[in-house]
Amino acid sequence: IPVDPFDLVIFGGTGDLAQRKIVPALFRRYCAGQWPEATRIIGAARGALTVESFRDIVAESLRQYAPKRSKDPEAVNGFLQRINYVPLDALSEDGWAPLSELLSTDRIRAFYFSVGPRLFGPLAERIRAHNLATPQTRIVVEKPFGHDLESARALNATLASHFDEGQIYRIDHYLGKETVQNLMAVRFGNMLFEPLWNSQYVDHIQITVAETVGIDGREEYYERAGAMRDMMQNHLMQLLCLIAMEPPAKFDPDAVRDEKLKVIRALDPVEPHHIVRGQFAGGKQGRGYREVVGNNRSTTESYVALRAHISNWRWAGTPFYLRTGKELVARSSVINVMFKDAPHSIFGEEAGRHANALSIRLQPNEGITLKVTIKEPGQGGMRLVDVPLDMSFAEALGPENQDPPDAYERLVMDVIRGNQTLFMRGDEVEAAWAWTDPIIAGWQARGDVPKPYENGSTGPGDAELLMKRDHRRWQGIN
Ligand code: BG6
């Protein structure tokens, strides 16, 4: 469904995120016919580029990051015709008047802050000072949204002094992933799961976001962030919220975000012995973290595993084990809901213990597997065996759905539609930092050093112990 005509200004338009994610996503939506004729994209950055040279940069990005669709010259040219560029400085008045002249008064206006958070305030101020904000204006900000609670509060306050909360779109791109949204569809679109979705039936839940990539090219940012700030505080926290929240009354921005916020606020502080930090140490599959960042004393974690508890009626007593890391054996984001054993086995001890498990694979090979117990074939008495009831979304939904829209496609279009459901509210971000900060402060106070793990492994051995102590084990990363 086409959206209303819009002008989208991308601050940091020549940057990596803009060219790798935002512009290709806009191009794919353009190809899908979702843009009305009048729509325009305006890149804004400090470089003194001409419109033509900016279009060349965009054309190259399309070739690289939207290879399939960029083979159609008509589509590429049509898209490039709608691209403009203004040299502009966030920290001075340079370029703001020309930008103002380019903007149309009767369209939706979105400003995408694809820049570091230190420029959020200056950009917001200048948008106001130059009268560029209309009632139809939205601003989009990227993570990291602050470095800790204090800085997130300050950012929220700055943005709030220029824009209403309803105009601020804080991106967590995990929420734009098709399968992450599917979490809500699976939970709240089916009668089957919800009655069992509580501590009475669920033994524990595992959330794994494993990555094979390292941190090359982002050393400076990552050294200050680490896995806790880079992944746990936002992406894994969002997954935790979606898996644990109460059913919202409606699929409506505030109804959904109210429920997510309640989950974060109900999280207990994490006990130090329930956290494992790791750092990739090199090996056959690449260089160690310290070598990559050029600091042989770095104590930044590239891996973190922890056990969290949500103190509310639904989840009291059910641990949530979360882990994420870089340079691991496989790229795999999966949520495993591990059900309790049946209360009594009518087949006797020799049939073994069996429990159901629901795995929701977010990427790759998106789909759902339900582990069920059946009789092992054969004559020799009643033996049980676990088998998967397996569903891959791509197979189940047919070939036309093999290539689901990228997270940014969905999110950028939601900005234009004015739908904030898949964006983080200010109070949510602050609550997530309030939970994260004491964990990081504890490491600093104790002088904690992350455990080394080999590149291409499943992470540090201590993460296995975290489970073993509770007589549980991680489901494999694959
Ligand atoms: C980003 C993190 O937000 O998410 C990166 O900063 C991480 O460190 C990336 O690699 C993971 O995203 P995806 O979509 O590849 O799972």
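The values are calculated or read from the model by the stated rules, or taken from the named source; none is laboratory data. Computed from a predicted model, the values in this text were never measured in an experiment. Every residue, glycine among them, receives a Cβ derived from its backbone with ideal geometry; neighbour counts consider all protein chains shown. Accessible surface areas use protein heavy atoms only, side chains included; no ligands, DNA or RNA. Shrake-Rupley method; radii C 1.70, N 1.55, O 1.52, S 1.80 Å.
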Item checked: Selection status of residue 61, touching a residue at least 24 places away in the same chain (Cβ under 8 Å) and open to solvent by less than 60 Å² (accessible area, probe 1.4 Å) -> yes
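If a residue must be of a type in the set (Asp, Glu) and in contact with a Gly (Cβ under 8 Å, 6 or more places away or on another chain), how many such residues does region 314-344 contain? Please lay out each step first, then the result.
We begin by selecting, within region 314-344, every residue of a type in the set (Asp, Glu); these are 327, 341.
Okay, now just the ones that are also in contact with a Gly (Cβ under 8 Å, 6 or more places away or on another chain), so 327.
Final tally of qualifying residues: 1.
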Notebook entry, point to check: Is at least one residue of region 43-52 modelled with pLDDT of 95 or more and in a helix (DSSP H, G or I)?
Noted result: yes
Next item on the list: Tell me which residues, restricted to region 264-295, are in contact with a Lys or Arg (Cβ under 6 Å, 6 or more places away or on another chain) and buried (at least 21 other Cβ atoms within 10 Å of the Cβ).
Entry: 278
Item checked: Among (1) in contact with a Lys or Arg (Cβ under 6 Å, 6 or more places away or on another chain); (2) free of Cβ contacts under 8 Å to residues at least 60 places away in the same chain, the one test that residue 467 misses -> (2)
Next item on the list: Kindly list the number of the only condition in (1) more than 11 Å from the ligand (Cβ to nearest atom); (2) open to solvent by 40 Å² or more (accessible area, probe 1.4 Å) that fails for residue 218.
Entry: (1)
Note to self: Tell me the residue from 190, 182, 198 that is over 30 Å from residue 301 (Cα atoms) and open to solvent by 50 Å² or more (accessible area, probe 1.4 Å), please.
What the structure shows: 190
Check: Quick one: how many residues across region 160-184 are more than 15 Å from the ligand (Cβ to nearest atom), assigned to a helix (DSSP H, G or I) and of a type in the set (Asp, Glu)?
Finding: 1
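Please state which one of 124, 157 is part of a helix (DSSP H, G or I) and either in contact with a Ser or Thr (Cβ under 9 Å, 6 or more places away or on another chain) or not aliphatic (A, V, I, L, M) (or both).
Going through 124, 157 in turn, the sole match is 124.
Does residue 140 qualify as being under 24 Å from the mean Cα position of the chain (by Cα), within 16 Å of the ligand (Cβ to nearest atom), open to solvent by less than 20 Å² (accessible area, probe 1.4 Å) and at pLDDT 95 or above? Even if it seems obvious, please write down each step before you answer.
On the way: under 24 Å from the mean Cα position of the chain (by Cα): yes; within 16 Å of the ligand (Cβ to nearest atom): yes; open to solvent by less than 20 Å² (accessible area, probe 1.4 Å): yes; at pLDDT 95 or above: yes.
Considered against the rule, which asks whether it is under 24 Å from the mean Cα position of the chain (by Cα), within 16 Å of the ligand (Cβ to nearest atom), open to solvent by less than 20 Å² (accessible area, probe 1.4 Å) and at pLDDT 95 or above, residue 140 comes out as yes.
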Notebook entry, point to check: Taking interchain pairs and intrachain pairs at least six residues apart, which have beta carbon atoms under 9 angstrom, with the first residue in region 191-209 and within 16 Å of the ligand (Cβ to nearest atom) and the second of a type in the set (D, E, K, R) and open to solvent by less than 70 Å² (accessible area, probe 1.4 Å)?
Noted result: 207/323; 208/323; 209/323
Next item on the list: Could you list all residues from region 378-389 that are open to solvent by 60 Å² or more (accessible area, probe 1.4 Å) and at pLDDT 90 or above?
Entry: 388, 389
Margin query: Against the definition (surrounded by fewer than 21 Cβ atoms within 10 Å (Cβ to Cβ), within 17 Å of residue 239 (Cβ to Cβ) and within 16 Å of the ligand (Cβ to nearest atom)), how does residue 332 come out, yes or no?
Written below: yes
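Check every one of the strands (runs of 3 or more DSSP E) wholly within region 253-366 and list those with 2 or more residues that are out of contact with any strand residue (DSSP E or B) (no Cβ under 7 Å at 6 or more places or on another chain).
286-288
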Check: Which of the residues that make up region 61-98 are in contact with a Phe, Trp or Tyr (Cβ under 7 Å, 6 or more places away or on another chain) and assigned to a loop (DSSP other than H, G, I, E, B)?
Finding: 66, 88, 90
Margin query: Can you list the helices (runs of 4 or more DSSP H) lying wholly within region 394-478 that have 3 or more residues being more than 21 Å from the chain's Cα centre (by Cα), modelled with pLDDT of 95 or more and over 30 Å from residue 278 (Cα atoms)?
Written below: none
Note to self: Exactly one of these conditions fails for residue 471: (1) open to solvent by less than 40 Å² (accessible area, probe 1.4 Å); (2) at positive phi. Give me its number.
What the structure shows: (1)
Next item on the list: Would you point out the residue of region 99-109, among those that are under 32 Å from the mean Cα position of the chain (by Cα) and in a loop (DSSP other than H, G, I, E, B), that is surrounded by the most Cβ atoms within 10 Å (Cβ to Cβ)?
Entry: 107
Note to self: Tally up the residues in region 143-154 that are in a loop (DSSP other than H, G, I, E, B) and either on the phi < 0 side of the Ramachandran plot or open to solvent by 40 Å² or more (accessible area, probe 1.4 Å) (or both), please.
What the structure shows: 5
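In region 296-308, what count of residues is obtained for those that are open to solvent by 20 Å² or more (accessible area, probe 1.4 Å) and either touching a Leu at 6+ places or on another chain (Cβ under 7 Å) or among the polar types (S, T, N, Q) (or both)? So that I can check it myself, show each step before the final result.
As a first pass, look at region 296-308 and keep what is open to solvent by 20 Å² or more (accessible area, probe 1.4 Å): 296-297, 299, 307.
In the following step, the residues that additionally are either touching a Leu at 6+ places or on another chain (Cβ under 7 Å) or among the polar types (S, T, N, Q) (or both) were identified as 296, 299, 307.
The qualifying residues number 3.
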Margin query: What's the number of the only condition in (1) part of a loop (DSSP other than H, G, I, E, B); (2) modelled with pLDDT of 95 or more that residue 228 fails to meet?
Written below: (1)
Margin query: I'd like the residue in region 6-28 that is in contact with a Phe, Trp or Tyr (Cβ under 8 Å, 6 or more places away or on another chain) and open to solvent by 10 Å² or more (accessible area, probe 1.4 Å) and, out of all such residues, is farthest from residue 64 (Cα to Cα).
Written below: 12
